[in-house]
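Written below as structure tokens is the structure these notes are about.
The values are calculated or read from the model by the stated rules, or taken from the named source; none is laboratory data. For clarity, every value in this text was computed on a predicted model and none was experimentally measured. All Cβ positions, glycine included, derive from the backbone under ideal geometry; neighbour counts span all protein chains shown.
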């Protein structure tokens with residue numbers, strides 16, 4: 001079970017990563033397709049989990065990068081860029 005401090009650390013870390021995506025790219029499936037939406041969420045979760053597991057800032061950054069990296073292909077976006 002997670003304690004309250006761990007939950008707060010996870011949420012703050014994930015929020016910071018999400019804010020970077022929002023400021024520099026997009027988190028909107030309608031705007032960038034599901035690869036951006038799912039990829040940013042995966043990145044936020046990976047970074048948050050690395051943080052609560054005691055990762056260094058570099059490890060948190062690497063986890064977040066790996067999370068987005070594997071969603072940069074055409075996960076479920078149809079031809080023409082239209083969203084389902």
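For the reader, a short list of remarks on this structure follows.
- Top-ranked residue of region 65-83 - restricted to ones that are at pLDDT below 65 and on the phi < 0 side of the Ramachandran plot, ranked as surrounded by the fewest Cβ atoms within 10 Å (Cβ to Cβ): 79
- Residues satisfying the stated conditions in region 1-18, i.e. over 22 Å from residue 58 (Cβ atoms) and surrounded by 12 or more Cβ atoms within 10 Å (Cβ to Cβ): 7
- Selection of first residues in region 16-42 that are more than 15 Å from residue 72 (Cβ to Cβ) and of second residues that are at pLDDT 85 or above, restricted to Cβ pairs under 6 Å at least 6 apart or on distinct chains, gives the following pairs, ordered by first then second residue: 17/43; 17/44; 17/47; 17/64; 18/44.
- Within region 19-64, being exposed (fewer than 14 other Cβ atoms within 10 Å of the Cβ) and part of a helix (DSSP H, G or I) holds for 19, 22, 23, 24, 30, 31, 57, 58.
- If you go through region 21-55 and keep only what is at pLDDT 85 or above and farther than 18 Å from residue 70 by Cβ, you end up with 22, 23, 24, 51, 52, 53, 54, 55.
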